[in-house]
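The values are calculated or read from the model by the stated rules, or taken from the named source; none is laboratory data. Note that the coordinates shown come from a computational prediction; the quantities given were computed from them, not determined experimentally. Virtual Cβ from ideal backbone geometry, glycine too; neighbours counted across all protein chains shown.
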């Protein structure tokens, strides 16, 4: 059985710098109608930069909505019409100062599909060349190289709660294990 919902009504409640919010009415496949709230986001990328000695370059930054400092993979928002690969190259350079000899597409994820229309594209960055960071205005972060096995331990002990980082690190560990 195929499940679907059809948008019947839509109303934009808020237009912001990063997100828009709308309230919809959707018709279910059985004819019932239900309210839906949707956060529209332009999408983004997450990069898992792994050094030759199996350390992942992570960024530490304060996340205002969560009211805490988090350790995350480098990531950023897509500009309008920007290709995810190009965004990954840009964000890796901005946040870590690195360029990658290899950028491997790990596919797309939906971080929170119950209410948010965001697609996040993940990339594994290998053969890193180091350079200077050039952060966006208002972006304050530090870079830490953490052994991938230590990150797995943090994930499993709930000490690394960021979803994109968890998925990216687990995919990287699996991929790298198969390459050896």
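A compact table of results
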quantity: When residues of region 150-179 are limited to those that are more than 14 Å from residue 71 (Cα to Cα) and either at pLDDT below 95 or touching a helix residue (DSSP H, G or I) at 6+ places or on another chain (Cβ under 8 Å) (or both), the one surrounded by the most Cβ atoms within 10 Å (Cβ to Cβ); calculated: 172
quantity: Any chance residue 49 is assigned to a loop (DSSP other than H, G, I, E, B) and closer than 27 Å to residue 124 by Cα; calculated: no
quantity: Which numbered condition residue 26 fails, given (1) farther than 20 Å from residue 120 by Cα; (2) surrounded by 11 or more Cβ atoms within 10 Å (Cβ to Cβ); (3) touching a residue at least 24 places away in the same chain (Cβ under 8 Å); calculated: (3)
quantity: Residue 2 vs. criteria closer than 30 Å to residue 127 by Cα and outside any strand (DSSP E or B); calculated: no
quantity: Residues of region 117-141 that turn out to be at pLDDT 95 or above and surrounded by 15 or more Cβ atoms within 10 Å (Cβ to Cβ), as a count; calculated: 11
quantity: Enumeration of residues in region 64-81 that are closer than 18 Å to residue 41 by Cβ and out of contact with any strand residue (DSSP E or B) (no Cβ under 9 Å at 6 or more places or on another chain); calculated: 64, 65, 66, 79, 80, 81
quantity: Residue identified as more than 16 Å from the chain's Cα centre (by Cα), surrounded by 12 or more Cβ atoms within 10 Å (Cβ to Cβ) and in a strand (DSSP E or B) among 34, 38; calculated: 38
quantity: Matching residues, region 5-31, being assigned to a loop (DSSP other than H, G, I, E, B) and at negative phi; calculated: 16, 17, 18, 19, 29, 30
quantity: Single match in 18, 73 (criterion: buried (at least 18 other Cβ atoms within 10 Å of the Cβ) and in contact (Cβ under 8 Å) with a residue 12 or more places away in the chain); calculated: 73
